[in-house]
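What follows draws every value from the coordinates through simple rules; no lab data is involved. These figures come from a predicted structure and were not determined experimentally. Cβ sites come from the backbone with ideal geometry, for glycine too, and all protein chains shown count toward neighbours.
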Ligand code: B12
Ligand code: B12
Ligand SMILES: Cc1ncc(COP(=O)(O)O)c(C=O)c1O
Ligand SMILES: Cc1ncc(COP(=O)(O)O)c(C=O)c1O
């Protein structure tokens, strides 16, 4: 499909009508003037045929709006660049076999929810036996040696333990994201990792509901995993990344389910 | 307040954070590429920190998105121009008294839901005895003589009957708006009214859920009334408009509740 | 478990009164025909094309016969005569009839007349057999891909363009819809003909044409196979062409039709007699074709107040049922209409709505029932409106509605966007899954507000039925008893299309449909 | 009408077992104190300021005493000694204690010792009286502006900045909230001190400080007057400073506190002993101050599966109740926690949730109960999540929850936006209005799924209580019985703050609060 252009617009009632819905609050009391402000607000976003559907008195000095309008935005879908899948994700047995054959020792991973974050459900989903959405956690893989340190673990402690265990990969989970605390925390982790010389050596992974591969890379991690990640995605990623580090797989290999 | 600038932004979690919510459908199957398209779509609308919160498979070839982002739009609220209220709306008895004193005869009005539109509830709310939201309809005013012709009335017929009754005002209701049929219908009404020489002579009003004063004026009506209109708003408007036409009130007088 | 609320005997009594109410109307129906019934006869014979200018041949022919004052002998009769004159095709038949002022056709001998009728009756039987064959095909597909359990989730498509409608209908089916309704253009009810061919320009809906029916059913057949779940299709047998549309729908294998004995009168200002006669013939076709009808009592409480007028819905349902039964429809075909329309600003509306829905279930235990979501009090605040719809989803599963129209969060604004339908279907899926079986968990207290309200509403419905029996249905409509709308027997559109049947009126299809 | 489901005798039996379960823990509590209990004592004496670097004086003083190994005689004792030494102010007292290594203070004669204690006890009584006076003021305002009927609608504000929080809280009150919870910054639970002053930088919440409490309560008092409807305020007496926060909250006239006997252990990995001791003293303060506590059983079913772990919630509620009763709390103060958390993709979740909520109502008929909305299975599809919350609103009104946390359609994304709260409050208003009284309309069938499930869950709860009695609560927690989280008696944070009381331990407030 690449090459040939494929323009798309929002679809409301008919193809390419561009209709979208918005809601927002403006810090003004409900009035005709407030409604006009909402209309202008949407016009400033470039919407056409703005219909201020609802203007609700959220409080004495706040008005909540629901708006419909037409976005005059057309995208060329063919030009959107998202890495193509290269090879198939391996199943549980196949992956264990691959480690046995190619790595030839158990892969050691350590994970934790760091900082003051106590949301363990996500990291547990990846590491613990029972896994997530019917997919086994890393603890269940005979060829993984997985340690889950739980929550509220200081970055320093996680890194120290990883050194002790000679971890191949460190998994950091960050769920609280208000005012980008996950980014700050992620950056701080990378700083410590660098100081300990782990960066480039150990595989460093970040995960959480507001994490994506791009963000994780920006922060200095090797990869990032977002909502809906399955343990097997992570297991596959780690094994291939390790084989690459060991020089046993080419750098430009990709697999299905890898963070995009 | 006018003069002094009063910048406002959307309010999500904190003042001026600019956070707004959007939802829309793109005509592509759910995929990482689709999510990236949604992100770019919002970026093209000028949003910052775009978070494609949800991407749902609405159908094989459609994805429904929920997005949060920050709109970098600041409006100067003080510069938003909405006509100021000038004088107080009169109550039932006062208004009847005003007609008795100043018009000195019953004001004749005719209304209908025209074209193929059968939505009578709106025009009934304005004209019928029982009125709307606790506010009496025009039929109840002793100094109004109100005729409700019901629905599906051809514009020609409404105008003919208005001529017969020597109507002071004609009320047109338009509820179906798909593909702007209300505008077409409104325009056609005005054409007929012009042909009959009523334009400028008889007060011509348009009303309906998607009508506002601005639209009605553009179409050639004297005024437009939207959702939530009360019969008393209309009654007040008509009486003042009539007094103006009779030269008994200055042209630049406005009253509370008048269409903005 | 909807409570008993009222004795079985009282329910039976209501049913009895309703059948007495419609008796005088049936006299009228028996003695009259209408121009649209006659057009339907011609369609049943296979006259489905349009002539020059897009005017349907059926209209060309019946207008001609009507102008000549002979349509009251039955279009079938003149069709027979045209054949006898050697018409080679329907268009040819029309032309022959048009050419020969019907009055001038020499009368036939009794024998010839008898033969002619016998021959045409055979043709009619063949036509009905062909129709039955098509219905069997539809039913076979339904058996092959069983439908999901009720409440069947019904959503509308209304883009005005049949091809966009197909797109949206497919999307809706994939998102969980069980029934697709193609809403008609606002202008269509008052057209005294059925537009022809595929159409792409409607307002607030898409024209109901036989070709549009075909296009949509074809798409849904394909989708049913793909999803392994039969998707039903419905449209409107309503307005000035009730019976013709019923035929087109039956032929094109639709599954349901909006079809009410009084809607046209009240909400479209169509003449009463015209409506009563048309609905009878249209329902006879539905009965044959295994089409479920959906009645329109829900509309009453968009013009009248839903709390005050609750009893009018029940009374009308008994009347609609009586009309339907007289037209040969079975209980399973009665999608009697009602809706969740009580002003949500009142207290205890969930109790009131449950009461009403339970009472209706109790009165019509074997009918699928068609349940409408809130519409009139919908707000433009889509989040509120969505919550409001969720409660209707709950009442629907609780009272085992057969057909549930899903509420749209944008109801107060526009015909549904693709995304609106997705949202509604997903929520309804959740609510139905979450609450299925809730009716078996509780016993309604007979001394509670729900039961007391049900008894009160039923009592008022009985009074209204009684009034209709005593003063006549026509008078009750004249008093604005239904939907706060007043209509007179000779007012409204389409009376000119009503004719007293001549003594030798001929309509072989009516005989077949009535089982004669 | 929640069914009986189980015999009264069985419910009484559960209650009996729970009080046996906590017995050994009470031995521990009686014999020990903690550094934070002792800080609370100092706060009760009026030591509320911070010293240089923002460190609270209470911390400066107890740390010093602890380092000297004498804190186990009770901070009150040393406070008395400092006064005796002529301390003119709390800061002065701290300085004197700091200057004089406590061990070096000469022992007093028995008489002097007796006098000193009597004097300080009088001071303590005066302090408690002053506290009572403040509580009376709060209660007078509550009487002046009666609250709306339950379920009280509880929403959180969590901007991180107390001044933004005030803005949002006022808006929420205007939109219909009855209770405002200021969520704490994620970091606070593990702080072994209470931050000082007004704060504007928190993550996922705003620091709980006495000054922040004051600022918010002042704003809500004003808003209560304006709206003529008392708005309640709540915060967290949880983490390493349970009792200190309870004091600050009582002083600043808060109405409720999140306060659980086991939450800190399970979800914050705080040491068990520390938690048990701290919660007791904090609850004694709540009992005095007429503060409603909210327990945290809802959290169990965010880590464990809500269907499988339903019984752990019930068992824990009995245990939390037993602890609370031992601390002098009345039934009306027990906002026992539970929530609507069963995976919505399962069938019949409304029946399951009703069953659970009815069973809890049945077991704790006089407690207000605190009901949490769905959180774990919330989706980022806000429309679905909104529909999901609506069902929780329904269960809340149906089962007469006292305190209902409103679900937010953006739960799966961010702490609530102002508009999210508006949306939630408007819907809850509608659902409560629509369904109020529904419980009186139906009788639950004792042979239905709801009743059977309730009996099953109750049975499993009994088994778990029995296990806790036999093996001990500590062992049960060690087995991961609650929330699938395993903790050991000596693990977790804060054990170093636990001390065995010396034989001459002195704490006049404990005596007063225990009614001695
Ligand atoms: C459960 C829960 C809790 C539980 C946590 C129990 C526990 N031990 O985990 C309890 C009740 C204790 C809790 C407390 C709080 N919570 Co909480 N909580 C949630 C909730 C409801 C669900 C989170 C969850 O379990 N999701 C399910 C898991 C499986 O998904 P996940 O974490 O995204 O993980 C997946 C992927 O992201 C990925 N992944 C995650 N980590 C990693 C790591 C690696 C290396 C990899 C490869 C992959 C990966 O794989 C997982 C499987 O696919 C969310 C709301 C929601 N519905 O999302 C709020 C939420 C996360 N909590 C929130 C808050 C604010 C808090 C508190 C701070 C509130 C307070 N001030 O008291 C407290 C304190 C906790 C703290 N300090 O961190 C906010 C965060 C707001 C924000 N965006 O910043 C949320 C979003 C709620 C809200 N809307 O306000 N919470
Ligand atoms: C009730 C109703 C009906 C009833 C109408 C009964 C009747 N006799 O009125 C029935 C069931 C018959 C019906 C049928 C249809 N309806 Co309808 N119906 C509605 C509904 C639910 C409520 C409208 C209403 O009564 N509002 C209450 C009144 C009081 O509000 P109002 O009209 O805005 O009037 C106020 C003001 O606007 C103003 N006003 C109005 N007119 C005038 C005139 C003057 C001069 C002045 C001064 C003021 C004024 O004052 C009033 C009081 O404040 C709306 C959805 C909704 N919730 O809004 C859909 C809706 C209007 N219907 C719709 C459609 C498409 C139809 C159909 C065409 C569908 C079909 N194809 O079959 C049919 C056919 C009707 C037709 N040809 O017009 C669409 C229109 C879509 C669009 N934007 O184009 C809506 C929005 C539903 C939807 N979301 O799809 N409908
Ligand atoms: C029975 C019936 N017919 C028809 C319609 C639609 O209106 P029309 O086709 O007259 O535009 C409705 C609308 O609800 C209805 O209930
Ligand atoms: C009893 C209790 N304490 C505290 C909290 C909040 O967590 P923390 O204050 O430990 O961050 C909760 C959260 O739900 C709770 O239920």
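When a footprinting reagent is the concern and you count Cβ atoms within 10 Å, what order do C:78, C:251, C:332 take, fewest first?
Working: C:78 28, C:251 22, C:332 12.
Final ranking by Cβ density, sparse to dense: C:332, C:251, C:78.
With 10 angstrom as the radius, rank C:119, B:258, D:489, C:411 by how many other C-beta atoms surround their C-beta, starting from the fewest. If you can, show how the numbers build up before the last one.
Numbers: C:119 13, B:258 20, D:489 17, C:411 23.
In order of increasing Cβ crowding within 10 Å: C:119, D:489, B:258, C:411.
GNM, chain B, Cα, under 10 Å: largest mean-square fluctuation among B:237, B:147, B:68?
Its mean-square fluctuation being the largest, the pick is B:68.
Which whole-number percentage describes the relative contact order of chain B, with Cα contacts under 8 Å and a sequence gap of 6 or more?
Details: 489 pairs, mean separation 41.9, N = 260.
Contact order relative to length: 16 percent.
For peptide B:116-127, what's the mean number of Cβ atoms from other chains within 10 Å of each residue's Cβ?
Counting other chains' Cβ atoms within 10 Å and averaging over B:116-127 gives 3.
As a test, work out the antiparallel percent of DSSP beta bridges whose residues both lie in chain C, rounded to the nearest 5.
Values: 4 of 28 bridges.
Here the antiparallel bridges make up roughly 15 percent for chain C.
Cut-off 10 angstrom, C-alpha nodes, Gaussian network model of chain A. Which of A:239, A:66, A:211 fluctuates the most?
Highest fluctuation of the listed residues: A:66.
Provide an ascending nm list, one decimal, of label-point separations from residue C:433 to the equivalent residue in each further copy; define each label point as 7 Å from Cα along Cα→Cβ.
Taking the point 7 Å beyond Cα along Cα→Cβ, the inter-copy spacings are 3.1 nm.
What percent antiparallel are the DSSP beta bridges of chain A, to the nearest 5? Before the final figure, lay out the partial values.
Values: 20 of 41 bridges.
DSSP beta bridges in chain A are roughly 50 percent antiparallel.
Among B:144, B:92, B:24, whose mean-square fluctuation peaks in a Gaussian network model of chain B (Cα, cutoff 10 Å)?
Ranking B:144, B:92, B:24 by mean-square fluctuation puts B:24 first.
Ordered shortest first, which distances in nm separate the 7 Å Cα→C-beta label point of residue C:114 from those of the other copies?
Relative to the other copies, residue C:114 has label-point distances of 13.6 nm.
Between residue C:447 and residue D:308, take the C-beta separation as r, use R0 = 41 Å, and let me know the FRET efficiency to the nearest 0.05. Can you show the working numbers first?
Details: r = 39 Å, r/R0 = 0.96.
That pair, residue C:447 with residue D:308, gives E of 0.55.
Please average, across the residues of B:4-17, the number of beta carbons from any other chain that are within 10 Å of each residue's own beta carbon, and give a whole number.
Numbers: counts 0, 0, 2, 0, 6, 4, 11, 17, 9, 15, 11, 6, 1, 3.
The per-residue average across the peptide is 6.
Taking 35 Å as R0, compute the FRET efficiency from the Cβ-Cβ separation of residue D:115 and residue D:330 and round it to 0.05.
Details: r = 36 Å, r/R0 = 1.03.
Here the calculated transfer efficiency is 0.45.
Averaged over peptide D:423-430, how many Cβ atoms belonging to another chain are found within 10 Å of each residue's Cβ?
5
Quick one: of the DSSP bridges fully inside the protein assembly as shown, what percent are antiparallel, nearest 5? Display every interim value, and only then the final one.
Details: 54 of 144 bridges.
If we restrict to bridges inside the protein assembly as shown, about 40 percent are antiparallel.
I want to check the label-to-label distance for residue A:79 and residue A:61. Put each point 7 Å from Cα in the C-beta direction and report it in nm to one decimal.
4.5 nm
Which value in nm describes the separation of the simple spin-label points at residue C:122 and residue C:511, placed 7 Å from the Cα toward the beta carbon?
Inter-label distance under the simple model: 1.4 nm.
Report the full-extension gain for the segment residue C:228 to residue C:99: residue separation times 0.36 nm, less the Cα-Cα distance, to one decimal in nm.
Length gained between residue C:228 and residue C:99: 41.2 nm.
Any idea how far apart residue A:180 and residue C:84 come out in nm if each label point goes 7 Å out from Cα toward Cβ?
Going by the 7 Å Cα→Cβ label model, 9.2 nm.
I'd like the FRET efficiency for residue A:160 and residue D:129, computed as 1/(1 + (r/R0)^6) with the beta carbon distance as r and R0 of 51 Å, rounded to 0.05.
On the way: r = 52 Å, r/R0 = 1.03.
Efficiency, from the Cβ-Cβ distance: 0.45.
What is the fewest-to-most order of A:110, B:198 by other Cβ atoms lying within 10 Å of their Cβ? Walk me through the numbers on the way to the answer.
Details: A:110 25, B:198 18.
Final ranking by Cβ density, sparse to dense: B:198, A:110.
Got the residue C:225 label distances to the other copies yet, label 7 Å along Cα→Cβ, in nm, shortest first?
7.6
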